[in-house]
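One structure is given here, and the rest of the page talks about it.
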Amino acid sequence: MNAKTIKVDFLARVEGEGGLFVRVRDQRVTEVKLNIFEPPRFFEAFLRGRKFSEAPDITARICGICPVAYQMSSCHAAEDAFGVHIEGPIRELRRLLYCGEWIESHALHIYLLHAPDFLGYEDVIQMAKDHPEAVQRGLRLKKIGNQIMTVVGGREIHPINVRVGGFYKAPSKQQLKGLTEDLKWARDAAVETCRWVSTFTFPDFQRDYEFVALRHPDEYPLNEGRLVSSKGLDIPIQEYEQHFAEEHHKHSNALHSALLERGSYFVGPLARYNLNFDKLTPLAQKAARTAGLTATCRNPFQGILVRAVETVYACDEALRIIAHYEAPDKPYVEVTPRVSIGHGCTEAPRGILYHRYRYDDRGLISNAKIVPPTSQNLKAIEEDLSEFVSARLHLPNDRLQWQCEQAIRNYDPCISCATHFLKLRVERE
Amino acid sequence: MTAPRSSALLIGVGNPFRSDDGVGGVVIRRLRGQNLPGFTIVEETGDGAELLEAWQGASAVILVDAVQSGVAPGTIHRLDATTEKLPKWFSHCSTHAFGVAEAIELARTLGELPPSLVVYGIEGLDFSAGTLLSPEVAASVPGVVSSILAEIRGLAGLKSARIA
């Protein structure tokens, strides 16, 4: 019998929380099970009975990497429910805050987590011995993203300045201007990142994905837009649950999100890029083309390159906002709670983050639903691994394991949202 | 005479919503309000890159985090990170997280370790979603608090000895 088993133990240190399991028999992949424990389930219960105004700060604690995304989706959900739409400088400040999160999250993933896979290092610590300047560049880029979050959000992790309706305190024009020089450096560094990453070798791999992202008529999507897909979906975010459902799988605590009509889908930088290339700034488009990309990219391994392009965009957009910013007279819009349901869907660094809340007449949350991007990508990751492993069965175990890890990291799976610890092991029967 | 600019950090690491993972935060909250000459208290989630930024320019760092090495819960580990490599079990090994151990080892490679870096690891038991510490872990908190106080006073004593 010619059989092998690839076992990826997420949470080897924490019993019973999940893992990845691939079974190969007679040169065929017969089973792929991806299994991630999801704290959002815990938070959904934790939110019941809490006031609408507490949701941004509570949900921000789900993830240390993308607290802004959680704050934004929960604020937009409350505003949707209470009939408020935010415009002007407050809206711009939200975009700026989100740019900060994209810059810091993308820099972390590109330089500290994913680049070592492509350059053949076990981790960034090994990579730093040979590429110290690249690592320093990544760290400085990330730091500048954090600086934006500190100035707009009040502090860099778990920003405390965000509230339903806007901000507790708006930064002054001068404070934002103070970020300009660093951001100009960051924009150059992001262009250099595109060039550097474009020299990597990308495994030849693609599938017939359905990409799903927000799309807005005037801008590359961050906070607002309709939900669209590469296979014709085009809906307001309020209809999310009519088209997407979470399936419970026997093998896992985790819920796998799927499109009711067609199954798996793909969210994140690659999806945004493919559905919104025309909304990137000229500099970001140029950086993409110079790096060898066209307006469509279907190879998930090139996600690292698209992240670099989005980093150029985020720096560009942040500079635009800062150049035109005038502090608002009042940093927030008052909201009046009412019995209602509200939906929020924004573009976290790794894809759409959906929140839905039911509120009572006092604005207390009676029911919450949170669907993080990582659980939306789970099915696509499983399908990728199934096909990817099938074509690489000739590889030795260690090589195959390496490439599986690299393939999982294409999605920048948010282990903070999804699991805390992840270990990977390959076994042949 | 003006007081010297604070350049020592006491960092508590962890996620308060992951049960025992929150013990770092519990310890440093106990230490707030105590006399900690020269030390500033910081709470971090454990994102390694944030740590690298947080301790830039600091002369001394004491860091408290939850760990899982397999010994009895509540066991207190103390490591001098400037002289010893962090053991593998210290790492929150993941495809995503760049954690405490990774930050310390990257700083070592880049020559950016603080001149003094002491790490307290408190052996945790339960890292599932929740806001309470396991009884064994909660019971270890006073011991860690007094060790850190002694450590800080020792450092302060060292400093005044040097000045003298």
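Would you check if A:P40 is modelled with pLDDT of 90 or more, within 13 Å of another protein chain (Cβ to nearest Cβ), closer than 26 Å to A:E382 by Cβ and part of a helix (DSSP H, G or I)?
Against the criterion (modelled with pLDDT of 90 or more, within 13 Å of another protein chain (Cβ to nearest Cβ), closer than 26 Å to A:E382 by Cβ and part of a helix (DSSP H, G or I)), A:P40 does not qualify.
Which of the following residues is closer than 30 Å to A:N367 by Cβ and within 21 Å of the chain's Cα centre (by Cα): A:E241, A:E310, A:E334? Don't jump to the end; show me each part of the working.
Working: A:E310 fails: closer than 30 Å to A:N367 by Cβ; A:E334 fails: within 21 Å of the chain's Cα centre (by Cα).
After ruling out the rest, the residue left standing is A:E241.
One residue is enough: does region A:350-370 have a residue meeting the conditions part of a helix (DSSP H, G or I) and within 14 Å of chain B (Cβ to nearest Cβ)?
no
Out of (1) in contact with a helix residue (DSSP H, G or I) (Cβ under 6 Å, 6 or more places away or on another chain); (2) within 26 Å of A:G178 (Cα to Cα), what's the single condition that is false for A:P56?
Unmet condition: (2).
Can you tell me which residue within region A:126-156, out of those that are in contact with a Pro (Cβ under 9 Å, 6 or more places away or on another chain) and buried (at least 20 other Cβ atoms within 10 Å of the Cβ), is nearest to the other protein chains (Cβ to nearest Cβ)?
Only one residue tops the list, namely A:M127.
So, in region A:382-396, how many residues would count as being of a type in the set (D, E, K, R) and in a loop (DSSP other than H, G, I, E, B)? Reasoning before the result, please.
Pass one, region A:382-396, residues of a type in the set (D, E, K, R): A:382-384, A:387, A:392.
Among the residues that remain, those that are also in a loop (DSSP other than H, G, I, E, B) are: A:392.
Total satisfying the criteria: 1.
Only one of these conditions is not met by A:R399: (1) in contact (Cβ under 8 Å) with a residue 12 or more places away in the chain; (2) assigned to a helix (DSSP H, G or I). Which number is it?
The failed condition is (1).
Please find, within region B:129-146, the residue that is nearest to B:N35 (Cα to Cα) out of those that are at pLDDT below 95 and surrounded by 17 or more Cβ atoms within 10 Å (Cβ to Cβ).
B:G130
Would you be able to tell me the number of residues in region B:42-84 that are part of a strand (DSSP E or B) and either under 10 Å from the mean Cα position of the chain (by Cα) or buried (at least 16 other Cβ atoms within 10 Å of the Cβ) (or both)?
14
Closer than 25 Å to B:V137 by Cα, in contact with a strand residue (DSSP E or B) (Cβ under 8 Å, 6 or more places away or on another chain) and away from every other protein chain (no Cβ under 14 Å): does that describe B:L79?
yes
For region A:145-165, which residues satisfy the criterion of being touching a residue at least 60 places away in the same chain (Cβ under 8 Å) and of a type in the set (A, V, I, L, M, F, W, C)?
A:I148, A:M149, A:I157, A:I160, A:V162, A:V164
Quick check on my filter: what residues within region A:158-174 are within 14 Å of chain B (Cβ to nearest Cβ) and surrounded by fewer than 20 Cβ atoms within 10 Å (Cβ to Cβ)?
A:I160
Somewhere in region A:199-209, is a residue outside any loop (DSSP other than H, G, I, E, B) and surrounded by 15 or more Cβ atoms within 10 Å (Cβ to Cβ)? Talk me through it step by step, then tell me what you get.
Taking region A:199-209 and keeping what is outside any loop (DSSP other than H, G, I, E, B), we get none.
No, region A:199-209 has no match at all.
Across region A:318-354, which residue is farthest from A:A78 (Cα to Cα) among those that are surrounded by 24 or more Cβ atoms within 10 Å (Cβ to Cβ) and of a type in the set (D, E, K, R)?
Filtering region A:318-354 for residues that are surrounded by 24 or more Cβ atoms within 10 Å (Cβ to Cβ) and of a type in the set (D, E, K, R), the one farthest from A:A78 (Cα to Cα) comes out as A:R350.
For region A:263-293, enumerate the residues that are in contact with a helix residue (DSSP H, G or I) (Cβ under 8 Å, 6 or more places away or on another chain) and among the polar types (S, T, N, Q).
A:S264, A:T281, A:Q285, A:T290 - these are the residues of region A:263-293 that are in contact with a helix residue (DSSP H, G or I) (Cβ under 8 Å, 6 or more places away or on another chain) and among the polar types (S, T, N, Q).
So which residues in region B:43-76 are within 11 Å of chain A (Cβ to nearest Cβ) and not aliphatic (A, V, I, L, M), if there are any at all?
Result: B:E43, B:E44, B:T45, B:G46, B:D47, B:G48, B:E50, B:E53, B:Q56, B:Q68, B:S69, B:G70.
Of all residues in region A:355-366 being of a type in the set (K, R) and over 30 Å from A:V306 (Cβ atoms), which is surrounded by the most Cβ atoms within 10 Å (Cβ to Cβ)? So that I can check it myself, show each step before the final result.
Going through region A:355-366, the residues of a type in the set (K, R) turn out to be A:356, A:358, A:362.
Keeping just the survivors that are over 30 Å from A:V306 (Cβ atoms) gives A:358, A:362.
Working: A:R358: 16, A:R362: 10.
So, considering only residues that are of a type in the set (K, R) and over 30 Å from A:V306 (Cβ atoms), the one surrounded by the most Cβ atoms within 10 Å (Cβ to Cβ) is A:R358.
The values are calculated or read from the model by the stated rules, or taken from the named source; none is laboratory data. Computed from a predicted structure; not experimentally measured. Because the Cβ atoms are built from the backbone with ideal geometry, glycine has one as well, and the counts that use them run over all protein chains shown.
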